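Here's the structure we're looking at; comments come further down.
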Amino acid sequence: MSCVVELYRRTYFTMNKLLIVLLAVCLVSTQAFVKRDAPAADGKNYLETLQKQIEEFGKTVNTQVATAFDPEQVKKNFNQFVDGVTKTMNDMKAATQPKA
């Protein structure tokens, strides 16, 4: 019985080692595949590109915030909201009143 247990233990550990090796091979293959498909470095200054992207993002955010918090636009939208609520309430009041 102890021989069977020892054989099982050795087989189990061997299978674990083989699984780890298989996973390592798959990982290396995947890395090589991804690295092959990655664009090659072409010597561009990525810092300048990043700086331009951040500047464009800042300008876009400023434009969006300026239009979102424009006082005239806020006032107009608030008045439209109030008019809509008033109309809805009047419609509901008219619907609940009995018709003569």
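No lab work stands behind these numbers, since they all come straight from the coordinates. Keep in mind it's a predicted model, so treat the numbers as computed, not measured.
Can you tell me the length gained on complete extension of the stretch ARG10 to ASP91, counting 0.36 nm per residue apart and subtracting the Cα distance?
21.0 nm
If each residue of separation counts as 0.36 nm, what is the full-extension length gain between LYS76 and VAL34 once their alpha-carbon separation is subtracted?
9.8 nm
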